[in-house]
1. So is D242 at pLDDT below 90, in contact with a strand residue (DSSP E or B) (Cβ under 6 Å, 6 or more places away or on another chain) and either more than 21 Å from D111 (Cβ to Cβ) or part of a helix (DSSP H, G or I) (or both) or not?
2. Exactly one condition in (1) closer than 21 Å to L151 by Cβ; (2) at pLDDT below 90 is false for A169; which is it?
3. G138 - would you say it is surrounded by 18 or more Cβ atoms within 10 Å (Cβ to Cβ), within 20 Å of A195 (Cα to Cα) and either in contact (Cβ under 8 Å) with a residue 12 or more places away in the chain or among the small types (G, A, S) (or both)?
4. Which ones in the stretch 59-86 are touching a strand residue (DSSP E or B) at 6+ places or on another chain (Cβ under 7 Å), surrounded by 11 or more Cβ atoms within 10 Å (Cβ to Cβ) and polar (S, T, N, Q)?
5. Within the stretch 41-88, take every residue that is small (G, A, S) and part of a helix (DSSP H, G or I) and give me the one that is farthest from the chain's Cα centre (by Cα).
6. For I164, are the conditions met, namely being in contact with a Ser or Thr (Cβ under 8 Å, 6 or more places away or on another chain) and without any contact (Cβ under 8 Å) to a residue 24 or more places away in the chain?
7. Can you report the number of residues in the stretch 179-198 which are under 12 Å from F209 (Cβ atoms) and at pLDDT below 90?
8. With (1) within 12 Å of the chain's Cα centre (by Cα); (2) within 22 Å of R221 (Cβ to Cβ); (3) part of a loop (DSSP other than H, G, I, E, B) as the list, and H141 as the residue in question, which single condition is left unmet?
Amino acid sequence: MNFASARQIIMLVIIITAGCYVFDYYKNPQLWHHETASSANVGKGARLTVWINHLCCSECLSDARQALAALPGIDAVNASGPKQVLTRAQADQSKASLPEYGNSVELVVSDADKLDFVALDKALRDKGLVAGRMELSGIEHFRLAAKVAHLCCGMCERSAHERIAFLKARGQSGQLRWLDSVSVDREAKTIVAHARYLQAGKTVDVTEFLGALNDIGYVPRSVQILVHEHTNLTGRQSQDDDRALVHMAVVR
């Protein structure tokens with residue numbers, strides 16, 4: 001019986017070790033990048049591309065820009081819209097197919113901490129438009145924090161944890177592949193989606209997270225970006241509640 005030589009064993013160990021490192025880097029690139037993100041650094045390269053299913057002419061684009069202009073956290077003034085958009089008269093005569101019916105608006109994220117995707121979605125809907133996709137890019141490490149009203153008891157918390165498997169399973173059909181894990185903070189009434197390390201040129205479609213929350217029975221009050229390692233979610237909840245009370249007082 002022939003046994004492997006010491007040289008062959010060493011080579012085999014080196015090859016297996018190198019293969020494990022390569023596989024781990026491919027599957028978990030976020031573990032190899034430990035730079036601390038800040039709002040200032042994030043704002044320099046972060047972008048949001050909003051695909052609107054109904055953006056067929058200049059009047060639709062005007063409504064979309066008006067909706068986005070009032071939102072904090074994005075630079076709507078310098079938004080780059082469709083390269084070519086028809087006037088209403090041209091659209092009346094157009095025989096374009098359905099894929100040309102929608103279009104996108106690209107925005108610079110000026111302050112990631114202030115951007116609220118629920119507010120963005122609502123602003124467009126108030127104008128009669130719908131964001132089919134909200135693709136975030138340019139932020140390597142981040143989480144999406146969803147504030148929900150009905151994370152009210154232990155059953156809610158356990159149920160949210162049990163449905164994490166369902167959320168991740170949707171990745172098998174092409175959605176939520178960016179999702180690494182989900183955590184639940186009952187005290188802060190927050191469900192947090194931890195995104196995988198986002199490589200250059202890749203995007204995260206936030207509408208997938210919004211849709212998944214609806215599917216498991218939650219309507220988020222807000223969905224915001226967390227770029228810092230430690231964020232006081234309970235403090236954010238108190239601020240949100242204070243703003244809601246102020247708004248109710250003004251309305252009355």
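The values are calculated or read from the model by the stated rules, or taken from the named source; none is laboratory data. The structure presented is a predicted model; accordingly, all values stated were derived computationally and were not measured. Cβ: placed from backbone, ideal geometry, glycine included. Neighbour counts: every protein chain shown.
1. Criteria not met by D242.
2. Tallying (1) closer than 21 Å to L151 by Cβ; (2) at pLDDT below 90, A169 fails exactly one: (1).
3. It is true that G138 is surrounded by 18 or more Cβ atoms within 10 Å (Cβ to Cβ), within 20 Å of A195 (Cα to Cα) and either in contact (Cβ under 8 Å) with a residue 12 or more places away in the chain or among the small types (G, A, S) (or both).
4. Once the filter is applied, which keeps residues that are touching a strand residue (DSSP E or B) at 6+ places or on another chain (Cβ under 7 Å), surrounded by 11 or more Cβ atoms within 10 Å (Cβ to Cβ) and polar (S, T, N, Q), the stretch 59-86 yields only S80.
5. Just the residues of the stretch 41-88 that are small (G, A, S), to begin with: 43, 45-46, 58, 62, 64, 67, 69-70, 73, 76, 79-81.
Add one more test, that the residue is part of a helix (DSSP H, G or I), and what stays is 43, 45, 58, 62, 64, 67, 69.
Numbers: G43: 15, G45: 15, S58: 27, S62: 25, A64: 20, A67: 19, A69: 20 Å.
Applying the filter and picking the extreme gives S58.
6. yes
7. Final tally of qualifying residues: 2.
8. Checking H141 against (1) within 12 Å of the chain's Cα centre (by Cα); (2) within 22 Å of R221 (Cβ to Cβ); (3) part of a loop (DSSP other than H, G, I, E, B), the one that fails is (2).
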